[in-house]
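Working notes, structure below.
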Amino acid sequence: MAATGAVLLSAAAGAEACRCAPQSMSAYFERADAVLTARLRATHAEGDDVAWDIVPIGRPYKGTVPPRIVTAASTATCGIPGEIGAVYTLFASRRDQRDDTYRVDSCSGTRPLLGDGAGFVDVPPRFVAQQLNGLAGAAHLRAVAARHPDSGDPDNAVLVGLLDLEPLAHGGAVALHAAPEADSPVLARVTVIEAVETAELGYEFAAAVVYARIDGWYRLKLRDGRHAWLAPGQAGTFVPYAELPVRRLAHLTPEWAGFVWPEIGAGLPLRLLPAADGETPVTVHEARRLGGSLWFRVEVLESVCSGSPRRVRATGWVPAYGATGAPTVWYWSRGC
């Protein structure tokens, strides 16, 4: 469990009490393993602890929803006297990495979302949700930056575009090499598009997924899992990922973390819930790069295929890749 800075006064010095210096919201956020908003549904005594039965509200700001939360039974040992039905901002830490129990206490930053004591030393109550979104968004962008693909990396394994293997459409073949060099060994001679990893560029029009580009060579992936390189002279039209979803019937993928920024990586983001099927419809207006990272300017829509009036949920910028390195924006190649 992360340290909370609590100080217990001994009984010999007087009545036992839990004291801890107030911290900034960012300090509480950094120390916690899970940060979320939840309603307290019930409590259960467990020896010196009290287990909390919670109902999460929205997505966690950090980590995942803890399967089990406890607090000390006594306020003298920093326990929180939970009020059934109240909504709390929870900063929870795992007390033992070998089990799924998380602990909250009066020194962890946990407090009611509303009412007295809801604010922090650096954040008034009315801005708590906004600032938590900002902290969660900043943490997410750090994770995105760590996994953002580089099209010039010969070992990159994340999609950077699609390539039409034009010779195959005319009954020809292409040679795939072990390295982006003309004299490197040929790993395979491909005569059908199904021999490589593909995605639809248009309606029933499959194109090869490209993982890297070096000196005009394209890194593709064979169906047996091996990566191989296609020479420039054997390639057709290449469409970079930055162009694929722009002004098409597009959607956010399950890789999208729900954040929409007012500017590229700047300002306090909104955080939205995704569509139930994980494919949240968007209109993609443009793509830009900042510091090597690709972003899309989008309008997040309520729906696009229901026949109901067009309703925009939010507008702004989303990173093109998620925390695992997979694309956050794609398109429906066959329409609704």
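The values are calculated or read from the model by the stated rules, or taken from the named source; none is laboratory data. From a predicted model like this one, the values you see are computed outputs, not experimental measurements. Cβ placement follows ideal geometry from the backbone for every residue including glycine, while neighbour counts extend to all protein chains displayed. Just the protein is used for accessible areas: all its heavy atoms, side chains included, with ligands, DNA and RNA removed. Shrake-Rupley method; radii C 1.70, N 1.55, O 1.52, S 1.80 Å.
Summary table
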item: Subset of segment 100-118 (residues that are in contact with a strand residue (DSSP E or B) (Cβ under 9 Å, 6 or more places away or on another chain) and at pLDDT below 85); result: 117, 118
item: Qualifying residue in segment 41-48 (condition: surrounded by fewer than 11 Cβ atoms within 10 Å (Cβ to Cβ), at pLDDT below 95, touching a Leu at 6+ places or on another chain (Cβ under 9 Å) and not in a helix (DSSP H, G or I)); result: no
item: Restricting segment 196-206 to residues that are of a type outside the set (Asp, Glu), surrounded by fewer than 22 Cβ atoms within 10 Å (Cβ to Cβ) and touching a strand residue (DSSP E or B) at 6+ places or on another chain (Cβ under 9 Å), the residue that is nearest to residue 184 (Cα to Cα); result: 198
item: Considering residues of segment 269-300 that are among the hydrophobic types (A, V, I, L, M, F, W, C), more than 16 Å from the chain's Cα centre (by Cα) and modelled with pLDDT under 95 only, the residue surrounded by the most Cβ atoms within 10 Å (Cβ to Cβ); result: 290
item: Residues that are open to solvent by 50 Å² or more (accessible area, probe 1.4 Å) and either closer than 18 Å to residue 147 by Cα or without any contact (Cβ under 8 Å) to a residue 40 or more places away in the chain (or both), drawn from segment 239-268; result: 247, 254, 267
item: Segment 1-25 - residue that is surrounded by fewer than 16 Cβ atoms within 10 Å (Cβ to Cβ) and over 16 Å from residue 78 (Cβ atoms) and, of those, modelled with the highest pLDDT; result: 24
item: Yes/no for residue 108 being in contact with a helix residue (DSSP H, G or I) (Cβ under 7 Å, 6 or more places away or on another chain) and either open to solvent by 10 Å² or more (accessible area, probe 1.4 Å) or closer than 21 Å to residue 57 by Cα (or both); result: yes
item: Subset of segment 87-99 [surrounded by 13 or more Cβ atoms within 10 Å (Cβ to Cβ) and modelled with pLDDT under 95]; result: 94, 95
item: Of all residues in segment 123-147 being open to solvent by less than 40 Å² (accessible area, probe 1.4 Å) and not aliphatic (A, V, I, L, M), the one that is nearest to residue 292 (Cα to Cα); result: 140
item: Candidate set from segment 65-82 (those that are surrounded by 12 or more Cβ atoms within 10 Å (Cβ to Cβ) and under 32 Å from the mean Cα position of the chain (by Cα)); member that is nearest to residue 114 (Cα to Cα); result: 82
item: Criterion (in a loop (DSSP other than H, G, I, E, B), farther than 23 Å from residue 17 by Cβ, free of Cβ contacts under 8 Å to residues at least 40 places away in the same chain and within 31 Å of the chain's Cα centre (by Cα)) met by exactly one of 53, 99; result: 99
